[in-house]
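Input: one structure, supplied below.
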Amino acid sequence: MTSDPLFSSQPPAGLWEALQSSSSRPRLHSRPLSSFEHGISDVSELTDGETTNRYDLLCPRAQCGSIVLKKGAAVMKERESLQIESSDIPTHPLLPPLPSVPESSQWWLVTPTPMAFENVGFSRPVESLPLSPSGKKLKLLACAECDLGPLGWSEEGGSEFWLACSRVGYRSG
């Protein structure tokens, strides 16, 4: 038998305990959009003629706090709301309801590639949702660390990624 640790039948000392313990990295503090006195104007800033996100966008779950998108990586757009929840999946209580279609809503637009995100997950195309305005199937965006979502959407094969301004947390401070 070899003494090489890679071929040992015993795991390294402390490995099991480390895997069972929670992460020791500090959680980032996330504030919901509703906590800002002036709403979207408090979390956005004018950059090169476009309104961008003033703060890092975080998972809104306090126990997670994962960075979804870095400061300045998205442009704020007001557009028609979109149904991104299926009737067979209940909405998570941390995620405020979106306005009904055809009311407008505020969205963070990320283009042209999902590589702009720090940490986001994508669903498969969702068959139970209506198609996008251009007639394509929707993929839903969620926190890649804890799976909280939907935080937003994209079209299958598209190059635009939409995060609901009210469904992400803001790292301010």
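Eight or more residues apart or on different chains, and alpha-carbon atoms under 24 Å: count the Lys pairs in the range 63-142 matching that.
Total qualifying Lys-Lys pairs in the range 63-142 comes to 5.
Taking the Kirkwood radius as the inverse of the mean 1/r across Cα pairs, report the Rg/Rh of the range 71-125.
0.98
Computed from the coordinates by the stated procedures, all read-outs in this text should not be read as laboratory data. Predicted, not measured: the structure shown is a model, and the values here were computed from it.
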